[in-house]
Amino acid sequence: MRATVLYGAGDVRVEHVPDPRLIEPTDALVAVSRACICGSDLWPYKLMKPGEPPRRMGHEAIGVVEAVGADVHTLKVGDVVVMPFAFCDGACVFCQEGLHTSCIHGGFFGTVEVPGAQAEAVRVPLADGTLFVLPLGEDDALMASLLTLSDVMGTGHHAARAAKVGRGKTVAVIGDGAVGLCAVIAARRLGAEQIIMMGHHPDRIALAKEFGATDVVSERGEEAVERVRKLTGGFGVHSVLECVGTDQAMRTAISIARPGGAVGRVGVPHYEAIPASEPAFYNNLTVGGGPAPVRAYMEELLPDVLEGRIEPGRVFDRVITFDQVPDGYRAMNEREAIKVMVKP
Ligand SMILES: [Zn+2]
């Protein structure tokens with residue numbers, strides 16, 4: 001089959017690799033019908049160091065179950081499933097607490113150890129706990145939105161939860177990528193009154209407004225902080241959804257939170273220590289977040305997608321075939337595309 005392999009910074013290739021097969025009795029094989037390129041794939045795409053082993057990329061997919069191991073009980077061949085970016089047993093202490101990304105038997109797709117889903121098929125460990133069966137056929141018009149439950153919509157929702165978004169709250173979203181845009185959807189869904197999108201790409205800002213952003217701040221650094229203060233009566237926002245992961249984004253996040261507020265960070269951190277610890281301390285801020293347990297959120301978000309109340313699938317502005325995957329990485333890296341769907 002064909003699969004996406006990252007060899008080095010800027011060097012991503014589609015190659016023929018051996019077909020995946022069942023290894024453990026708890027495995028399933030899934031034929032991928034849709035996969036994505038993620039903003040987090042761009043970090044290794046930009047920064048992979050010489051000498052690092054190649055990686056089979058991709059951690060977001062919808063597909064059809066092709067085979068199941070002897071110990072798989074809740075899935076059958078032909079089921080249409082969403083694959084979350086992390087696999088989990090669904091049974092351990094952390095899975096039971098809804099923190100599936102900390103599953104004691106779990107792990108992440110698209111790593112050196114676990115081949116990813118930008119491929120024609122993928123082996124899914126702990127299939128019963130990991131995969132989420134959809135009540136629809138694989139060509140349903142809602143598939144783009146359902147595909148976002150594998151990562152970006154659940155991640156935006158996690159940012160909103162970690163930042164304690166609720167009815168009547170003021171919210172700022174840092175980052176206008178697919179996760180930031182889904183964070184706007186999530187904030188609105190949880191009842192936020194004011195949602196300030198902080199970003200500067202016109203196409204993304206337009207979509208953010210359609211998703212429910214009430215204000216836009218396109219400045220950066222100190223100027224951005226001043227603008228948010230002005231928009232919030234001088235105090236800052238209750239909730240900051242940090243969807244970038246840089247030191248600068250985190251510094252801004254802490255600077256625009258009002259006393260007693262919360263920052264939910266879901267951008268993979270590319271800083272050693274959380275910056276601005278002094279204002280965070282004196283303002284009694286909560287700083288939370290991490291990899292989203294998207295598997296835990298699927299049941300909650302599914303009805304809103306099925307009934308059309310949210311349309312996160314609109315973040316996909318480009319659909320490509322496997323041969324075009326390297327160009328898909330380039331397009332996302334150059335901010336030419338918001339989010340790329342791969343459809344074999
Ligand atoms: Zn678990």
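The values are calculated or read from the model by the stated rules, or taken from the named source; none is laboratory data. In this text the structure is predicted, and so the values were computed from the model without any measurement. Cβ: placed from backbone, ideal geometry, glycine included. Neighbour counts: every protein chain shown. To get the accessible areas, we keep the full protein, side chains included, count just its heavy atoms, and leave off ligands, DNA and RNA. Shrake-Rupley method; radii C 1.70, N 1.55, O 1.52, S 1.80 Å.
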- Task: Output yes when any residue across the range 172-185 is farther than 23 Å from Ser145 by Cβ, of a type in the set (Gly, Ala, Ser), touching a residue at least 60 places away in the same chain (Cβ under 8 Å) and in contact with a Leu (Cβ under 9 Å, 6 or more places away or on another chain), and no when none is.
- Result: yes
- Note on the structure: If you go through Val152, Val217, the only one that is open to solvent by less than 10 Å² (accessible area, probe 1.4 Å) and in contact (Cβ under 8 Å) with a residue 60 or more places away in the chain is Val152
- Task: Report the residue count in the range 243-259 for those that are touching a strand residue (DSSP E or B) at 6+ places or on another chain (Cβ under 9 Å) and open to solvent by 60 Å² or more (accessible area, probe 1.4 Å).
- Result: 1
- Task: Residue by residue through the range 300-338, note down the ones that are more than 14 Å from Leu146 (Cβ to Cβ) and either in contact with an Asp or Glu (Cβ under 9 Å, 6 or more places away or on another chain) or in a strand (DSSP E or B) (or both).
- Result: Asp317, Arg318, Val319, Ile320, Phe322, Pro326, Tyr329, Arg330, Met332, Ala337, Ile338
- Among what's in the range 113-133 and is over 19 Å from the mean Cα position of the chain (by Cα) and assigned to a loop (DSSP other than H, G, I, E, B), pick the residue that is nearest to the ligand (Cβ to nearest atom). Leu126
- Item | Among (1) buried (at least 21 other Cβ atoms within 10 Å of the Cβ); (2) touching a Ser or Thr at 6+ places or on another chain (Cβ under 9 Å) - the single one Val30 does not satisfy | (2)
- Message: Quick check on my filter: what residues within the range 86-112 are open to solvent by less than 20 Å² (accessible area, probe 1.4 Å), in contact (Cβ under 8 Å) with a residue 24 or more places away in the chain, in a loop (DSSP other than H, G, I, E, B) and near the ligand (Cβ under 6 Å from one of its atoms)?
- Response: Cys88, Cys103
- Task: Report, by residue number, each residue of the range 155-187 that is in a helix (DSSP H, G or I), surrounded by fewer than 24 Cβ atoms within 10 Å (Cβ to Cβ) and in contact with a Gly (Cβ under 6 Å, 6 or more places away or on another chain).
- Result: Ala162
- Item | Residues within the range 8-27 that are surrounded by fewer than 15 Cβ atoms within 10 Å (Cβ to Cβ) and under 25 Å from the mean Cα position of the chain (by Cα), tallied | 5
- Note on the structure: Checked the range 266-299 for anything part of a helix (DSSP H, G or I), closer than 30 Å to Ala119 by Cα and open to solvent by 20 Å² or more (accessible area, probe 1.4 Å); matches are Arg295, Ala296, Tyr297, Glu299
- Scanning the range 301-334 residue by residue, those within 17 Å of the chain's Cα centre (by Cα) and over 30 Å from His16 (Cβ atoms) turn out to be Leu301, Leu302, Val305, Ile310, Glu311, Pro312, Gly313, Arg314, Val315
- Query: Taking the condition in contact with a Ser or Thr (Cβ under 7 Å, 6 or more places away or on another chain), of a type in the set (A, V, I, L, M), surrounded by 14 or more Cβ atoms within 10 Å (Cβ to Cβ) and farther than 28 Å from Leu42 by Cα, does Val68 pass?
  - Reply: no
- Query: Taking the range 221-242, which residues are more than 22 Å from Gly166 (Cα to Cα), open to solvent by 50 Å² or more (accessible area, probe 1.4 Å) and out of contact with any Asp or Glu (no Cβ under 7 Å at 6 or more places or on another chain)?
  - Reply: Glu222, Glu223, Glu226
- Filter the range 113-141 down to residues that are buried (at least 16 other Cβ atoms within 10 Å of the Cβ) and in contact with a helix residue (DSSP H, G or I) (Cβ under 8 Å, 6 or more places away or on another chain) and give me whichever is nearest to Ala67 (Cα to Cα). Val124
- Is the range 196-212 home to any residue that is in a loop (DSSP other than H, G, I, E, B), in contact with an Asp or Glu (Cβ under 6 Å, 6 or more places away or on another chain) and open to solvent by 10 Å² or more (accessible area, probe 1.4 Å)? yes
